[in-house]
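Engineer: Before we start, here is the structure in question, set down as structure tokens.
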Amino acid sequence: MPSRPGVAIVGAGPAGLLVAHLLQREAIPFVVFERQTLAELGRPKAGLVEYRTVQLLAADGIAGSVLHFTTENHRSEFRTPNESVLVEYAALTGGRPHYIYPQHELVQRLCGALTAAGGEVRFSHAVRAVTQDSDGAVLSVQGPDGEPSQVRYEAAVGCDGSSSLVSAAMTGVQVNEQLLPGRFLVMVAAAPPLERHTIYAAHPRGFAGQMRRGPAQTRYYLEIPGTDVAADWPEQRIRDELAARLGISGPLDAPLGETGILDLRVRVIEPMQQGSLFLAGDAAHLITPAGGKGMNLAIQDGIELAHGLIERFGPRQDGTRLSAYSRTRLPAIWRTEAFSNWFLHVLLTSLRDGKEPSAAVPGGFSRGLRHGWIAALQNDPLFARWFAHAYAGVDPD
């Protein structure tokens, strides 16, 4: 079995590519394995980037050189059939906003810069199994020709999503997991947003959301029952329901792209490392879409993990920071999970004591709670300031 020095990175998402970028800069050997093609990675996904995330990227010389964050989001709107509340959250954080950078564009930009600098990214290479021993990590890889091979590396980083094979190779870890009721229909429209800010619409029939993804692209969310499938929602029904819940006068005529189903599953794996194996992003944790935190956690994982790997496999040969990777990241991950879970309960009608709502019960108590939280955002300066900092990813001064 051939052995290679350095790090195997499984998955060419934001976390994996950032680890690769920082290793490349310090001349630490690595290979990125990605089962999909670059074109397949170009499907629109997340896009809301925290202020904290951009500051971390700037400190490492990526924001402002490889990635340019020029589109800002300063406010969010909470709509119900009876009212609309606009929260100027960036004003509450001292002018520190979100940034809009669609994940597929971020991945393509990172990948292009990495390969142009000589970084090795192997697309259409599927990792089929991972094991580890005292000499490192062994990956079984199947290339585009279908031929399997085994290669040993000093360490393996799992950035391969919620079905991570690197995670599966870690024995004895604690998997904290919960499947919440309700589902989201998710679609991307090739059209400008209805408003130049995020919209959260709480309707008696369920939640709807508009998330900006650029000047000519908008992501929509639609809460549906947990038993529904995509076939239950033909395009005209989606358009009608989005228009009703978002309070649009007239039909939603934006061209809708591919529609997907998003289950509301949350998960945190503890620890995020074992021996020569390390996890980052969705391989280590899943979070609800409320607040747009998933890509941010992945990027923050990748930056911290990369610095630990550099200190361990670079000239310093010091494993102190790498050994503390889980202890460093998990407190921030749990705080973010807590915020996202609370925010989801404010927005959704299907989260009522962990049960699907009954058609016979109008959910007046839940609507009252939601109204209470939204009123607090309007009228309680301390609560509004806490929300703004947690939402935008700004550390309080």
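Engineer: Answer with yes or no whether ARG312 is open to solvent by 50 Å² or more (accessible area, probe 1.4 Å), modelled with pLDDT of 95 or more and in contact with a His (Cβ under 8 Å, 6 or more places away or on another chain).
Structural biologist: The answer is no for ARG312.
Engineer: Tell me the residue from ALA20, ALA46, ALA27 that is open to solvent by less than 50 Å² (accessible area, probe 1.4 Å) and part of a loop (DSSP other than H, G, I, E, B), please. Outline the logic, then answer.
Structural biologist: Numbers: ALA20 fails: part of a loop (DSSP other than H, G, I, E, B); ALA27 fails: open to solvent by less than 50 Å² (accessible area, probe 1.4 Å).
Selected residue: ALA46, the only one of ALA20, ALA46, ALA27 that is open to solvent by less than 50 Å² (accessible area, probe 1.4 Å) and part of a loop (DSSP other than H, G, I, E, B).
Engineer: Then there is this: In this structure, is ARG237 among the charged types (D, E, K, R), within 21 Å of the chain's Cα centre (by Cα) and open to solvent by 20 Å² or more (accessible area, probe 1.4 Å)?
Structural biologist: No: the conditions fail for ARG237.
Engineer: Looking at ASP145, is it among the charged types (D, E, K, R), outside any strand (DSSP E or B) and free of Cβ contacts under 8 Å to residues at least 12 places away in the same chain?
Structural biologist: Considered against the rule, which asks whether it is among the charged types (D, E, K, R), outside any strand (DSSP E or B) and free of Cβ contacts under 8 Å to residues at least 12 places away in the same chain, ASP145 comes out as yes.
Engineer: Now, a different point. Name the residues in region 153-205 that are more than 28 Å from LEU242 (Cα to Cα) and in contact with a Pro (Cβ under 7 Å, 6 or more places away or on another chain), would you?
Structural biologist: GLU154, VAL173
Engineer: Something else now. Filter region 169-226 for residues that are closer than 20 Å to LEU286 by Cα and outside any strand (DSSP E or B); which is most open to solvent (accessible area, probe 1.4 Å)?
Structural biologist: THR171
Engineer: Looking at region 49-69, which of the residues that are in contact with a strand residue (DSSP E or B) (Cβ under 8 Å, 6 or more places away or on another chain) and either at pLDDT below 95 or among the aromatic types (Phe, Trp, Tyr) (or both) is least open to solvent (accessible area, probe 1.4 Å)?
Structural biologist: So, considering only residues that are in contact with a strand residue (DSSP E or B) (Cβ under 8 Å, 6 or more places away or on another chain) and either at pLDDT below 95 or among the aromatic types (Phe, Trp, Tyr) (or both), the one least open to solvent (accessible area, probe 1.4 Å) is PHE69.
Engineer: GLN103 passes all but one of (1) out of contact with any strand residue (DSSP E or B) (no Cβ under 8 Å at 6 or more places or on another chain); (2) farther than 19 Å from ALA306 by Cβ; which number fails?
Structural biologist: It is condition (2) that GLN103 fails.
Engineer: A follow-up question, please. Taking region 216-227 as the search range and keeping residues that are in contact (Cβ under 8 Å) with a residue 40 or more places away in the chain and of a type outside the set (Ser, Thr, Tyr), which one is nearest to PRO181 (Cα to Cα)?
Structural biologist: Per the criteria, the residue is GLY226.
The values are calculated or read from the model by the stated rules, or taken from the named source; none is laboratory data. None of these values were measured; they are calculated from a predicted model. Ideal geometry is used to build each Cβ from the backbone, glycine not excepted, and the neighbour counts take in all protein chains shown. Side chains are part of the model used for accessible areas, which takes the heavy atoms of the whole protein and leaves out ligands, DNA and RNA. Shrake-Rupley method; radii C 1.70, N 1.55, O 1.52, S 1.80 Å.
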